[in-house]
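Report on one structure; see the data block that follows.
The values are calculated or read from the model by the stated rules, or taken from the named source; none is laboratory data. Fair warning: this is a prediction, and the values are worked out from it, not measured in the lab. In this analysis, Cβ positions are derived from the backbone assuming ideal geometry, glycine residues included, and neighbour counts consider all displayed protein chains.
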Amino acid sequence: MPHAPTPGRLLPITVVFGLLMLGWPGGSATSHGESAGEAAVRAEAGSGADQLQHQLSMIVLPNKPTPAEEHAAEELARFIERMTGKRLPVLSEDERGRAKNPGRGLIVGRTESNLAAHDVDHWPRDTIYIGYGRPAEGAGDIPIIGQGSQGTLFAAYEFLRDQGCRWYAPDYVWPDDQFVPRRAALDLNREPVKHTPSFVERGWHPAPVAPHVWQAHMNDWAVRNGLNTFRPSTTFDYGASRGHGLQLRGGHTIWVLVPSADHELARQTFDEHPQWYPLVNGKRVMQYTDGRPVQACLSNPQVVEHVARLVSAYFREHPACWRFSVSPSDEPTWWCECDACIAMDGPGSTWRANDRYDAYGLRSPTGPGPMSTRWVTFVNQVARLVARDWPDKYVSFYAYGSTVAPPRDAGWKLEPNLLIEFAHGDGWCIKHDLLDPDCPPNASMHQWLSGWAETGNPTLFYDYPPNGSRFDVPSGVTRRYKSLLSYTKEAGVTGWAGENQGSWAGAGLLQSLKARLLWDIETDVDRFIGEYCSDVYGPAAAAMRTYYDELERRIDEVPGHAVWGSWATKLSPQALVQLSEHLDKAKGQDLGDFEQRNVAMVRVAFHALVMAWLEETDNAPRASALPWDYDQVRAGAQRLLKRHAIPVTDRWRDQVSENRYSPPFAALGGETVLELADGWRLRLDPDDEGLDARWHAHPPIDDGQWRDVRVDRYWTEQGLDYHGAAWYATTFLAPAKSIGRMWLLFGMIDGDAQIWVNGRSVGTMSGDPWDKPKAVDITGSVEPGDRSQLVVRVYKQLYAAGNNGFVRITASEN
């Protein structure tokens, strides 16, 4: 690890100049009319011709620098001082011109000399130039300049990277000068560098991260690593000093453009323009059954004109914005079933009415992308109208869910101002080769992405976390990410968006590597990983590198496919034990406090992985192969979090705290003695009268007040636009004989639940977490061989609600 200087508060330039005037270090008082910077240069000029040829004596800015150019100069001065102990003065171009024997300088930004030599306004976006020169060739000033509002900043950070500086994480993880080496002199004897980033749009949304973290910490890390769209939400702004970033309006937007669901203008707009909303079962609707937003009636010309007008107005208010996303609402949701909208789908479509599986490419009953032709027709119309006022702006749209595949009918085209944002919601399989025809996720991704890219329109790749929604477990892949980025580059992808982990504990290496590959796809991954492990883990570098390699190798061994984090619960017990041994070896090295904490960060992520593995119902039979149980793993995580200030998500920190959810291991590990049928009865309770009316006491579930329902799907996905209390009921034949302790096991139930068997309360279950198995003890509540009645009251106020998985009876010895 490079020796890190003692952190200190950055002095303002004016103070530094004042200190230089007072002789710090080696300066002298200024003569009348001479600026502090000029005085510093005069002092440097006395150190000899060799000094002028080989070393730097100043940083030069344009006479009227932008805030980003000023920030670039300040960052150069600050980190050069950290490396060499010498603070370079910052002068304007005019001040430098008045200096006698000024010496060699870093010429930063759009100075007259830089613009005379470089036509930066015609370079590709964010292209940088660093004008190194070899002393034998009479090297002098070093221009540092780049295209656009951020280009010069990116060039400045690349110069510092050439000198050994690294920023592996935001400064709430490590101080921003932690990986800045001490050196006697800078390495300036290099060839000039001109580089265009490998992708135009470079960024993602690391979720979940609190909004305040961005302003204080994330923006600097992003810019230092060449990211121009690293963002917390659908819009962002790095600020003027960081060049603002590549401005955009992203996300699922149709529900904002045509307000639906809980949007503050939804009710008013629906009342005034009901024909703008989807027709479902003969009725116009403004929200989905679970309260989510809906799509719009895309065949309505008024909708096209309204959306185009709002997009144009946004460009007018935000002239720096380069693209506006006009994309469907997230799914499942309602699409319009009116004749005109169905006609937009073209002759190749078999879609006629909504189905909950429309969103999922390989599982859609009408084939992948059933809505692609409809959406392309709609967004083409919007793009044409927007282009009248904004021909240089892009309208983007998600190729995702029901629009993931290109239109099926021949002859379709895209307007030239449309940008495709390809988001394969089922994810890529990180286990198999991207062109493996025997891997359906990757084969379909290749087919669909290639089809969109063949249009020649700009295409973005919307990436998902390789660990799915388990934000705190290790990210799992490193080297394979280069394969994915290289593949997308060859396929014609021009930018990357999407999502990634917000927790640096599990994803520190991947976050840094991904940023570097987006900047330069030719990055040597092995060398990068080696530097990272050496810098971050010190004496434990070898053990940690082995750990990362082992994890990636073990993912290759999981059965089936490794999509959307599914590998995390498919790893073998032997793999988990082996990975733990590598971490134990790393921990056992002679480490300082800094390295101990960094190894502990990875160990915390590993604890999250083991906990997720143990929570998986299918792993219960092989959990005994692990040398730890759930409570031991959670207690170990608690100790690490308490001892070290480790950045993990609030959600997982709550999960490992005391008195939180613990999987029902006795029920999970027990023998399944009865799998209850999926078909139950349901009664809604909008007035919440069921408890007082004793609906739990042998209710007559065959009367007209109860309806059929499936328990393997939320009630909100079965045509019930309802939230509040609802009662499930069914009957079952109890096992013929008593078999130890008996459990009623629910695979997933979203909402607070109360359970009765034969009118007797057997327990309650919290709705949090909604996606984990839960169980209640029903020992003694049923008579062997008798028919029993089971009643479950569920209460949920928002979004998906009810049971969504198996219900079974298991038996355990204790």
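All told, Tyr172 falls short of being touching a residue at least 24 places away in the same chain (Cβ under 8 Å) and surrounded by 22 or more Cβ atoms within 10 Å (Cβ to Cβ). When every residue of region 644-652 is checked against the conditions, at least one turns out to be closer than 15 Å to Met611 by Cα and either in contact with a Cys (Cβ under 7 Å, 6 or more places away or on another chain) or surrounded by fewer than 18 Cβ atoms within 10 Å (Cβ to Cβ) (or both). Listed by position, the helices (runs of 4 or more DSSP H) enclosed by region 215-325 that each have at least 1 residues that are under 30 Å from Glu158 (Cβ atoms) are 219-224. Quick check on Asn467: is it of a type in the set (S, T, N, Q) and more than 17 Å from the chain's Cα centre (by Cα)? For Asn467, the condition - of a type in the set (S, T, N, Q) and more than 17 Å from the chain's Cα centre (by Cα) - is not met. Whether a residue is buried (at least 18 other Cβ atoms within 10 Å of the Cβ), free of Cβ contacts under 8 Å to residues at least 40 places away in the same chain and assigned by TED's automatic domain parsing to the domain that holds Ala320 was assessed, and Ala387 passes this test. Being assigned by TED's automatic domain parsing to the domain that holds Thr84, β-branched (Val, Ile, Thr), farther than 30 Å from Ala600 by Cα and modelled with pLDDT of 95 or more is a condition met by at least one residue of region 145-167.
Can you work out which of the residues in region 713-738 that are surrounded by fewer than 17 Cβ atoms within 10 Å (Cβ to Cβ) and over 27 Å from Thr289 (Cβ atoms) is modelled with the lowest pLDDT?
Residues of region 713-738 surrounded by fewer than 17 Cβ atoms within 10 Å (Cβ to Cβ): 713, 718-719, 721, 724, 731, 733, 735-738.
After this cut, where a residue has to be over 27 Å from Thr289 (Cβ atoms) as well, the list is 731, 733, 735-738.
Values: Thr731: 95, Leu733: 92, Pro735: 86, Ala736: 83, Lys737: 78, Ser738: 73.
Result: Ser738.
Taking the numbered list (1) in contact with a helix residue (DSSP H, G or I) (Cβ under 9 Å, 6 or more places away or on another chain); (2) under 25 Å from Phe378 (Cβ atoms); (3) in contact (Cβ under 8 Å) with a residue 40 or more places away in the chain in turn, Val256 passes all entries but (3).
Residue-level analysis places Leu691 outside the set of residues that are of a type in the set (A, V, I, L, M, F, W, C), farther than 24 Å from Gln287 by Cα and assigned to a strand (DSSP E or B). Here the condition is being within 30 Å of Pro319 (Cβ to Cβ) and among the hydrophobic types (A, V, I, L, M, F, W, C); of Ile430, Ile420, it holds for Ile420 alone.
So, in region 442-498, of the ones that are closer than 22 Å to Ala568 by Cβ and of a type in the set (Lys, Arg), which residue ends up surrounded by the fewest Cβ atoms within 10 Å (Cβ to Cβ)? Only one residue tops the list, namely Arg479. Looking at region 573-593 only, could you name the residues that are exposed (fewer than 15 other Cβ atoms within 10 Å of the Cβ) and of a type outside the set (Asp, Glu)? Once the filter is applied, which keeps residues that are exposed (fewer than 15 other Cβ atoms within 10 Å of the Cβ) and of a type outside the set (Asp, Glu), region 573-593 yields Gln574, Val577, Gly588, Gly592.
Inspect region 699-712 for any residue being out of contact with any Gly (no Cβ under 7 Å at 6 or more places or on another chain), buried (at least 17 other Cβ atoms within 10 Å of the Cβ) and under 19 Å from Gly805 (Cα atoms) and give the result as yes or no. Within region 699-712, one or more residues are out of contact with any Gly (no Cβ under 7 Å at 6 or more places or on another chain), buried (at least 17 other Cβ atoms within 10 Å of the Cβ) and under 19 Å from Gly805 (Cα atoms). A count restricted to region 638-671 and to residues that are at positive phi and in a helix (DSSP H, G or I) stands at 0.
Residue count for region 559-570 under the criterion of being within 18 Å of Ala637 (Cβ to Cβ) and crowded, with 20+ Cβ neighbours inside 10 Å: the result is 1.
Against the conditions (1) more than 24 Å from Glu70 (Cβ to Cβ); (2) out of contact with any Pro (no Cβ under 6 Å at 6 or more places or on another chain); (3) at pLDDT 95 or above, where does Pro206 fall short? Just the number, please. Here Pro206 meets the rest and fails (3). Among residues of region 750-778 that are over 13 Å from Tyr728 (Cα atoms) and free of Cβ contacts under 8 Å to residues at least 40 places away in the same chain, those with a Cβ under 6 angstrom from a residue that is acidic (Asp, Glu) and not in a loop (DSSP other than H, G, I, E, B), sequence gap 6+ or separate chain, pair up as Gly767/Asp752; Trp770/Asp750. Looking across region 770-800, the residues that are in contact with a strand residue (DSSP E or B) (Cβ under 6 Å, 6 or more places away or on another chain), assigned to a loop (DSSP other than H, G, I, E, B) and either among the polar types (S, T, N, Q) or under 30 Å from Met611 (Cβ atoms) (or both) come down to Trp770, Ile778, Thr779, Ser781, Ala800. Tallying residues that are surrounded by fewer than 16 Cβ atoms within 10 Å (Cβ to Cβ) and either aromatic (Phe, Trp, Tyr) or over 17 Å from Val493 (Cα atoms) (or both) within region 426-439 yields 4.
Table: residues versus (1) crowded, with 17+ Cβ neighbours inside 10 Å; (2) in contact with a Phe, Trp or Tyr (Cβ under 8 Å, 6 or more places away or on another chain); (3) over 22 Å from Trp564 (Cβ atoms); (4) assigned by TED's automatic domain parsing to the domain that holds His306.
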{"position": "Val382", "(1), (2), (3), (4)": "yes, no, yes, yes"}
{"position": "Tyr400", "(1), (2), (3), (4)": "yes, yes, no, yes"}
{"position": "Val404", "(1), (2), (3), (4)": "yes, yes, no, yes"}
{"position": "His424", "(1), (2), (3), (4)": "yes, yes, no, no"}
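No other residue among Leu91, Leu56 is over 30 Å from Leu518 (Cα atoms) and in contact with a Lys or Arg (Cβ under 6 Å, 6 or more places away or on another chain) apart from Leu56. Considering only residues that are closer than 16 Å to Pro647 by Cβ and in contact with a helix residue (DSSP H, G or I) (Cβ under 8 Å, 6 or more places away or on another chain), which ones fall in region 596-622? Once the filter is applied, which keeps residues that are closer than 16 Å to Pro647 by Cβ and in contact with a helix residue (DSSP H, G or I) (Cβ under 8 Å, 6 or more places away or on another chain), region 596-622 yields Gln596, Asn598, Val599, Ala600, Met601, Val602, Arg603, Val604, Ala605, Phe606, His607, Ala608.
Annotation: of all residues in region 721-753 being outside any strand (DSSP E or B) and out of contact with any Phe, Trp or Tyr (no Cβ under 9 Å at 6 or more places or on another chain), the one that is nearest to Pro663 (Cα to Cα) is Gly740.
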